[in-house]
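Derivation of every value follows stated rules applied to the coordinates shown; laboratory data play no part. Quick caveat, the model's predicted, so the values are computed rather than measured. No Cβ is skipped: glycine too gets one built from the backbone with ideal geometry, and neighbour counts run over all protein chains shown.
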Amino acid sequence: MVHVDFVPSLGKRTDDERIVQYFIDSDRAILTSDDDFLTDFEPADYAALLLIEDESLRPVTVADIVHEIGLTLDGPARELFYVSRNWL
């Protein structure tokens, strides 16, 4: 994973279409709390979408959950994963 702030062509104010295109081109999963990715794009548009619904999760917990999800993936999943404590 890479944070959009660390990609020179992206940033926090970048529109979703450009973000999705970057992640398609680099075949990376998207980790977000922005539910627009559920309605504006299809699962085939990204390697995987990891959606954080519970914004009270601490960053270390999110990292642990993302790690657990990553252990289940063997290449692009083209599906949605909810980032929740259920993974721990």
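Annotations for the structure displayed:
- Filtered residue count, the stretch 39-83, keeping only those that are crowded, with 17+ Cβ neighbours inside 10 Å, among the aliphatic types (A, V, I, L, M) and either free of Cβ contacts under 8 Å to residues at least 60 places away in the same chain or more than 23 Å from residue 16 (Cα to Cα) (or both): 12
- Yes/no for residue 57 being over 20 Å from residue 4 (Cβ atoms) and either over 11 Å from the mean Cα position of the chain (by Cα) or among the basic types (Lys, Arg) (or both): no
- Residue match in the stretch 4-11 (condition: out of contact with any Phe, Trp or Tyr (no Cβ under 8 Å at 6 or more places or on another chain), part of a loop (DSSP other than H, G, I, E, B) and either closer than 23 Å to residue 65 by Cα or without any contact (Cβ under 8 Å) to a residue 12 or more places away in the chain (or both)): yes
- The single condition from (1) in contact with a helix residue (DSSP H, G or I) (Cβ under 8 Å, 6 or more places away or on another chain); (2) over 21 Å from residue 5 (Cα atoms); (3) part of a helix (DSSP H, G or I) that residue 37 fails is (2).
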